[in-house]
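Take a look at the structure set out below.
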Amino acid sequence: MHSLLLIGIGNILRSDDGAGAYVCTQLQQLQQANVQIQIIQQLQTELAEELLHYDAVMIIDASVTTMDVVIEKLKPEGAAVASSHHMNVSMMQALAQQLYGKYINFYTCSIPAQNFEMGETLSPFTKAYADKAVQMLQQWITSFSN
């Protein structure tokens, strides 16, 4: 079995920005073996060492640039990933390689979002895509674990 870390990124008090947290909360209820889940507001450099302990890390975040749920593997040369946060996945991957000489197997799940105003619920638009992301990630976890 492979060990997976799913990280939901976003501020749950900023409406659709909480899409990553919403998806992780839904997936957490499944309690799948070898799958750890964290919910954070943004990537921090302090996470780099912890991420080295997993076979793969899936970053789940709201995106203003995607028109559908997109799951993709980050390439080692990694172009910047669409994110509303300053430390992006490409930067984290480069940091881990520089500091620890190890490549982190990163994947991203981008969820279309449109409302980042103050609020504790997802817009109907983003909730529909977040629910789709939950289903897609369930399938991804199963295929990755086999």
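The values are calculated or read from the model by the stated rules, or taken from the named source; none is laboratory data. Everything numeric in this text was worked out from a predicted model, so none of it was measured. Neighbour counts are summed over all protein chains in view; Cβ atoms, including those assigned to glycine, are modelled from backbone coordinates with ideal geometry.
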Close pairs from segment 1-18: first within 19 Å of Ala62 (Cβ to Cβ), partner charged (D, E, K, R) and surrounded by 22 or more Cβ atoms within 10 Å (Cβ to Cβ), Cβ under 7 Å, at least 6 apart
Ile9/Asp61; Gly10/Asp17; Gly10/Asp61; Asn11/Asp17
Could you grab me the full set of residues in segment 113-135 that are outside any loop (DSSP other than H, G, I, E, B), under 30 Å from Leu52 (Cα atoms), of a type outside the set (Asp, Glu) and more than 13 Å from the chain's Cα centre (by Cα)?
Tyr129, Lys132, Gln135
Whether any residue in segment 26-38 is in contact with a strand residue (DSSP E or B) (Cβ under 9 Å, 6 or more places away or on another chain), part of a helix (DSSP H, G or I) and not charged (D, E, K, R) is what I want to check.
yes
Say we look at segment 51-83 and pick out the residues that are within 17 Å of Cys24 (Cβ to Cβ) and not in a strand (DSSP E or B); which of these is modelled with the highest pLDDT?
Val69
With the condition kept exactly as written, say whether any residue in segment 25-44 is crowded, with 22+ Cβ neighbours inside 10 Å, farther than 21 Å from Tyr103 by Cα and at pLDDT 95 or above.
no
Across segment 87-114, what is the total count of residues that are crowded, with 17+ Cβ neighbours inside 10 Å and touching a residue at least 60 places away in the same chain (Cβ under 8 Å)?
3
Over segment 35-65, the set of residues under 22 Å from Ala128 (Cα atoms) and either in contact with a Cys (Cβ under 7 Å, 6 or more places away or on another chain) or of a type outside the set (S, T, N, Q) (or both) is Ile37, Ile39, Ile40, Met58, Ile59, Ile60, Asp61, Ala62, Val64
